[in-house]
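Read the figures in this text as sums done on the coordinates, not as results from a lab. For clarity, every value in this text was computed on a predicted model and none was experimentally measured. Don't worry about glycine lacking a Cβ; one is built from the backbone with ideal geometry, like all the others, and counts go over all protein chains shown.
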Amino acid sequence: MDHIGNFSNAWQQFIRDPHVAHAAYSMTILDSRTGSILFEHAKDLGLAPASTLKTITAAAALHYLGSDYTYETLLQYSGKIDTVTGFLDGYIYIVGSGDPSLGSWRYNETTTADFIIQKWVEAIKQAGIRKCRGIIGDTSRWNYTKTILIDGWTWNDIGYVLIIIF
């Protein structure tokens with residue numbers, strides 16, 4: 001049976017449907033045994049991930065990371081704190097681990113950017129820091145060779161994706 005031929009026919013019907021006349025879509029089908037490309041359409045078009053892909057990603061994370069896995073985003077600092085002025089002669093580092101919920105309004109209050117920043121400010125003040133040379137977002141865990149901003153993503157999705165690295 002020619003599954004790709006059948007799929008190609010279904011694809012042609014899909015793209016002729018007037019309901020998707022102004023939609024942006026992209027698809028790639030791989031052979032799960034060989035990794036070879038069986039079908040692709042608009043492979044370089046950047047789109048926000050569809051819910052089906054999010055389900056597959058969540059299942060893979062559960063399988064590989066386990067149900068007890070917890071992301072860690074660390075606040076660290078370098079240098080010395082002047083105990084009189086509270087000046088940190090160094091930097092505060094935010095070291096991310098890829099937490100997909102960090103800063104998102106999609107979960108609960110404790111993942112929102114406002115809540116997290118408030119907790120970070122409290123922790124920094126508790127350490128005796130009132131001023132510092134700067135704050136650095138440490139993305140050294142990832143080896144980016146190009147921008148992660150993709151044409152076609154909405155501003156809401158771009159904000160969400162950028163916070164994921166922390």
Quick shape check on segment 3-45: root eigenvalues a ≥ b ≥ c of the Cα gyration tensor, a/c under 1.5 is rounded, otherwise prolate if a/b tops b/c, else oblate, and it reads oblate
Förster-model FRET efficiency, 25 Å R0, Ile135 and Ser101, C-beta, rounded to 0.05: 0.70
Computed over segment 59-102, the relative contact order (Cα-Cα under 8 Å, seq sep at least six) in percent reads 38
Taking the alpha-carbon centroid of each part, what is the distance from segment 90-121 to segment 1-33 in angstrom? 39
Between Leu75 and Ala24, 0.36 nm times their residue separation minus their Cα-Cα distance comes to what? 14.4 nm
